[in-house]
Amino acid sequence: MLYSYAGFKVKVMQEQGVVKRITILGEAREVLPALPRSMKLDLSGFTPFERAVMEKAREIPPGKVATYATLAKAAGYPGAARAVGNVMAKNPFPIIVPCHRVVRSDFRVGGYAYGGEVKRRLLRAEGVAFAGERVKKPYLWNF
DNA sequence: GCACTGGATGTTT
DNA sequence: AAACATCCAGTGC
């Protein structure tokens, strides 16, 4: 099923009503239904750590960001900032698990599977403001 | 303030 | 043992 989100075309692959994988295809040039925020995800096959991180990340609302370190702590694994980065890097559910809202402690955006430019555009579309390369501090989400 | 460094860190494979 | 979408304290502009 195809949706749009923040000007991007998004492909959602489901089986029996459960989302298996999401991919961002590129610019949405046609009118498509908006991506629903609540979808049931297939979280089988993930470790307890990965599940905790993804579920906590879903709490970050549009227009806010968390850092890898604050997300690690909120998920119950203080100090696991780098391991959180590992989870985000393999996130099969971009946008629904909003890994684009997780940034570095110095407020630079950090990595993104589709590149830093896409990450910045998603954040800007959600209302996040930047000062140069960095997200402005008031946009930090407190869990 | 900026840029860079080296070492520590937690989890996965 | 190695990899990693990080962090922090230190150093020098």
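Here, each number is a calculation from the coordinates, and none is a lab measurement. Since the structure is predicted, the reported quantities are computational estimates derived from the model, not experimental observations. Please note: Cβ atoms are built from the backbone with ideal geometry, for glycine as well, and neighbour counts cover all protein chains shown.
Here the relative contact order of chain A, from alpha carbon pairs under 8 Å that lie six or more residues apart, stands at 21 percent. For the pair residue A:25 and residue A:108 in one chain, pulling the backbone fully straight at 0.36 nm per residue adds 27.4 nm over the alpha carbon distance.
A crude spin-label estimate for the pair residue A:15 and residue A:140, with each label 7 Å from Cα along the Cβ direction, gives 4.2 nm. Could you list, in their original order, any pairs among A:11/A:73; A:20/A:136; A:9/A:56; A:11/A:137 whose Cα atoms are separated by more than 28 Å? Cα-Cα > 28 Å for A:11/A:73; A:20/A:136; A:11/A:137; rest within. What share of the DSSP beta bridges in chain A is antiparallel, in percent to the nearest 5? Bridges in chain A that DSSP calls antiparallel: roughly 70 percent. How much FRET efficiency would the formula 1/(1 + (r/R0)^6) give for residue A:1 and residue A:86, where r is the Cβ-Cβ distance and R0 is 30 Å, rounded to 0.05? Approximately 0.55, to the nearest 0.05.
The GluC sites (Glu not before Pro) of region A:43-102 meeting both criteria, a DSSP state outside H, G, I, E and B (loop) and at most 16 other C-beta atoms within 10 angstrom of the site's C-beta, are A:59. In terms of its C-alpha gyration tensor, region A:7-143 comes out oblate, because a/c is 1.5 or above while a/b does not outweigh b/c. Since only A:72, A:54, A:87 are under comparison, the one whose Cα sits farthest along the positive direction of the charge dipole of chain A, derived from C-beta charges on Lys, Arg, Asp and Glu, is A:72. What you get for chain A, charging only the Cβ of Lys and Arg (+1) and of Asp and Glu (-1), is a dipole of about 280 debye around the Cα centre. Net charge in the neighbourhood of residue A:82 (other residues with Cβ under 15 Å of its Cβ; Lys, Arg +1, Asp, Glu -1) is +1.
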